[in-house]
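Note sheet for the following structure.
The values are calculated or read from the model by the stated rules, or taken from the named source; none is laboratory data. These numbers come from a predicted model, not from an experiment. Cβ sites come from the backbone with ideal geometry, for glycine too, and all protein chains shown count toward neighbours. For the accessible areas, the whole protein counts, side chains as well, though only heavy atoms, and no ligand, DNA or RNA atoms are used. Shrake-Rupley method; radii C 1.70, N 1.55, O 1.52, S 1.80 Å.
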Amino acid sequence: MYAADIREGIDLFYPHHLLYNVLGYVCSQLFHIHDTLSFLCLLNALGAIGCLCVFRKILLFKLESEKVVPLLLLVGSCWGFMRYATDVETYIIPLFFSLAASCCWLYKRSFFLTSLLAAIACLFHQIHFFWWLGLGLFAIYQSSPIRIKALVVYIGAACIVPLSYVLVYLFYPQVEGDNIIHYVFHDYFYVESVGFSFKHAVLLTPVNLIRTLIQVHGYIPSLLQNYFYGGIGIILLGTCLVLFIKSILHKRICYKNEGIDKELDYFAKCHGYIFILQLCFAFLSNGNAEFMVMLPFAFTIYFSFRYYINSDTVKWIALAMFSWNICIGILPLHYLEIYPYKKIETFINKQSPDTNFVISNYPQLYNMLRYDYPHRKYNLYEKEDEVSGWFYTDLINNEYPLSRFSILNENISTDRKTEIKEILTYDLGEWTITKVYK
C-alpha cells in the first residue's frame, strides 16, 4: 500500500505515521525511483543500520567496546527488528530518531534537541509518543530552580508535532476526518478493526512479546518438514543454548552496578518507564507486535546501564536468536512462498474483470494487485454478504496456519452450492479456490 501510494503520489500523509510516505516520495522523486517497493525496503535497511550505529554510541557511553558487540548482536537479532528492517513498514525510521534522542541527551544534555528528535520520531509514527514522554521525565528530575524552564523547553520543542498536523490538515486536500482531532486519531475513529478486546489482548500480548525476540508462527511445522533451513536453525540454536548453559554455570549472568552515577541511573530508569509504557499500549492495542519493536532497545539500555552483564552469556543467547531468526524467518520468507498470496494474485489476474472474489486476507491481496497491476480493476470483497451473485473465495476448504490473522478471522459457512475451482500449489502446501454459486 505504501509503495503504491508513493509511486502514484497519493495519500502521502497517513495520520498514524505522518511523514513516512512523504520521506519515501521525496527520495523516490529525487532519485527517479519507479520500483518503490524495493526502494522502501532499502530505506528501512539503511534506517536499521542507523539504529544500530546510534545504539552502539549509547552503549559506549557506559560500556567497554568488547561488551557492546554482544549487546548489538542481541538487539539486532531480535525478530521484531529483523522483520521490519527487511520489509516495507513504518517502524524502523521512528526508532532511529528515538534512539538519536536518547543519544543526544547522553552526549549533549540538551532538552530542546532531545525533545525535537523524539518529536520527529512521533511524526514518523505516533507510537513513539511514549518514548518522548519517558525522556521527558528528565525535565521533571531537574532541581526546582530549572525544572519549569526545562519543561517549557522540552514541551516547546515538541510543538513541531501539532504544528505539522495542523498544516497538513489545513493545506493537504486528501485528509480524512470531520475535524483535526478525528484526523490525528483517524484509525481510532474510523477503522473498525481498531478496538480493544481483552481476550485478544491477554492471548496475543505474551505471544507477540516472545515473537519480538524470536520468530514463532504456524508455518514453522510445515517448513521443518519440507526444507533444510529449519534443521540448520535447530542445530545452531541447540549448540548456542548448550554453550549458554555452560557459560552461566561458570559465571553469574549479571549483578547490580552499585556505584552508578545518579543521573545515569535516572537515564536508565527512564528507559525502563519507556519499556513499560510501550508494552502497556501494545496490550491496549490487542497485543500488537508492531508496537513492540522498540522494547528490546529500551530494556537493553535500562539493564546495561544499571547492571554488569556477563558478555559470554549475552553472546550465546544473541547467536542462538540470530541462528533461529535467520534460518526460520529471514531466509524462508525471502526464498520461499511461505504464504499462497502470490498464487492467489495470479489466479485473480487471470479471471475476467467482472468476476467477484471474497478473499481471506483482503488488504494483502488488494494492495498486491494494486501495486503489480495498477491499470486493472478488481472486484474484491472481505465478506460474503457484500456480494449478490456468484464468487470465488479461499474462505472455504482451507486450514490457516496459527497466526494473529487466523485468531482474529474465521472461515465462512454458506448454504449455497459450492464447487472447488482450482487448487493452488505453493512452497509450503496447497490452497483451494472455491466457487460459490448464487
- request: Using a 1.4 angstrom probe on heavy atoms only, work out the carbon and sulfur share of the accessible area of segment 40-170 in %.
  value: 74 percent
- prompt: Normalised by the number of residues in the chain, what is the relative contact order in percent for Cα pairs under 8 Å and 6+ residues apart?
  reply: 16 percent
task: Between His334 and Val166, with labels modelled 7 Å along Cα→Cβ, what's the label distance in nm to one decimal, could you check?
output: 4.6 nm
- prompt: Does the chain come out rounded, prolate or oblate by the C-alpha gyration tensor, with a ≥ b ≥ c the root eigenvalues, rounded set by a/c under 1.5 and, if not, prolate when a/b is larger than b/c and oblate if not?
  reply: oblate
query: In whole Å, what is the distance between the alpha-carbon centres of segment 200-223 and segment 273-340?
result: 12 Å
statement: Heavy-atom accessible area of segment 234-356 with neighbours in place, 1.4 angstrom probe: carbon+sulfur share in percent works out to 66 percent
- request: Please state, rounded to one decimal and in Å, the Kirkwood hydrodynamic radius that segment 148-192 gives when every pair of distinct Cα atoms enters the mean of 1/r.
  value: 12.0 Å
task: Extending each Cα 7 Å along its Cβ direction at Val194 and Thr239, get the distance between those two points in nm, one decimal.
output: 4.6 nm
Greater than 20 Å apart at Cα, pairs in Lys108/Lys315; Lys62/Lys246; Lys350/Lys435; Lys262/Lys315: Lys108/Lys315; Lys62/Lys246; Lys262/Lys315
statement: Taking a ≥ b ≥ c as the square roots of the Cα gyration tensor eigenvalues, with a/c under 1.5 meaning rounded and otherwise prolate when a/b beats b/c or oblate if not, segment 248-322 comes out oblate
message: So with the 1.4 Å probe, I'd like the accessible area per residue for the chain, rounded to whole Å².
response: 49 Å²
task: Work out, in µm²/s and without decimals, the Stokes-Einstein translational diffusion coefficient of segment 223-357 at 10 °C, 1.306 mPa s, Rh from Kirkwood over C-alpha pairs.
output: 85 µm²/s
field: Quarter of the Cα convex hull surface for segment 42-196, i.e. its orientation-mean projected area (nm²)
entry: 11.7 nm²
Filter on Lys199/Lys342; Lys199/Lys269; Lys199/Lys417; Lys343/Lys438; Lys199/Lys377; Lys343/Lys377 - keep pairs with C-alpha separation over 28 Å: Lys199/Lys342; Lys199/Lys269; Lys199/Lys417; Lys199/Lys377
task: Multiply the residue gap between Asn179 and Ser352 by 0.36 nm, knock off their C-alpha separation, and tell me the result in nm, one decimal place.
output: 58.2 nm
task: Please give the residues of segment 265-280, grouped as numeric ranges, whose backbone N is less than 20 Å from a label point set 7 Å along the Cα-to-Cβ vector of Val202.
output: 279-280
